[in-house]
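In what follows, a single structure is set out as structure tokens and then discussed.
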Amino acid sequence: MLAAGASTRFGSPKQRLLLAEVLERVRAARSIDGIVVVLGAHEVETDARTVRCDEWERGPGASLRCGLAALDAEVEAAVVILVDGPDLAPASIDRVVDAWRQGLGDVLAASYGGVRGHPVVLGRAAWGRVPDEGARALEPILVACDDLGSPGDVDFADDLPGRLQPEDGEQK
């Protein structure tokens, strides 16, 4: 799970508001064996395994490479999740992983209305091709997840779903 960015547009560390919600959704997926949260610009409290990426400023690809490097040698594929997608459906993770297990390719991405989204599955053969701009630079096989709803994309405080809005007086 990528959570290393500076959250500049958001105005504060959005990871602190979003991580627990997204972790809960990832843990509900039946196809996830382990979770690694990649941190960089901000420290975040979590019960999940974390890895710090000192090169996070180079781009999401640097953070992704840090996460991939932290995985055990026997791991065959990684599911890439962004911390700023609080509406992620656990079934979308399972659907994209199932497509990878069926041998459809080494780079697969959920799509919503024909538009590429997350999660993304990267087979180990694709790990060495991740550039600084991240997995979005790799051409995926799209796996339709329209019926599951988009995970969302929280870039600004106004993008936060109401259930995640801080109470009055809470720091964002």
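The values are calculated or read from the model by the stated rules, or taken from the named source; none is laboratory data. Remember, it's a predicted structure, so these values are computed and weren't measured experimentally. Glycine gets a Cβ as well: all are built from the backbone with ideal geometry, and neighbour counts include every protein chain shown. Only protein heavy atoms, including side chains, enter the accessible area calculation; ligands, DNA and RNA are left aside. Shrake-Rupley method; radii C 1.70, N 1.55, O 1.52, S 1.80 Å.
Assorted remarks:
- FRET efficiency for Q102 and D47, using Cβ-Cβ distance with R0 set to 41 Å, rounded to 0.05: 0.80
- Projected label distance in nm at A69 and D132, using a 7 Å step from Cα toward the beta-carbon: 1.5 nm
- R30-A125 pseudo-label distance in nm [points 7 Å out on the Cα-to-Cβ vector]: 2.7 nm
- Lone cysteines, the chain (no partner Cβ under 4.7 Å): C145
- Sum of side-chain charges, Q102 neighbourhood, beta-carbon under 15 Å (Lys, Arg +1; Asp, Glu -1): -2
- Evaluated at q = 0.08, 0.17 Å⁻¹: base-10 log I(q)/I(0), Debye formula over Cα of the chain: -0.22, -1.05
- Highest GNM mean-square fluctuation among G162, G123, G59, for the chain modelled with Cα contacts below 10 Å: G162.
- Between the amide H of A144 and those of S111, distances stay under 5 Å, these residues lying 5 or more places away or on another chain, with hydrogens modeled in the peptide plane.
- Within the accessible area of the chain, the carbon and sulfur atoms contribute 46%, probe 1.4 Å, all protein chains present.
- Here Q165 and E76 are evaluated by their C-beta separation; at R0 = 35 Å the FRET efficiency comes out at 0.35.
- Close amide H pairs (under 5 Å, H built 1.01 Å from N) link V107 with G123, I141, residues at least 5 positions away or on another chain.
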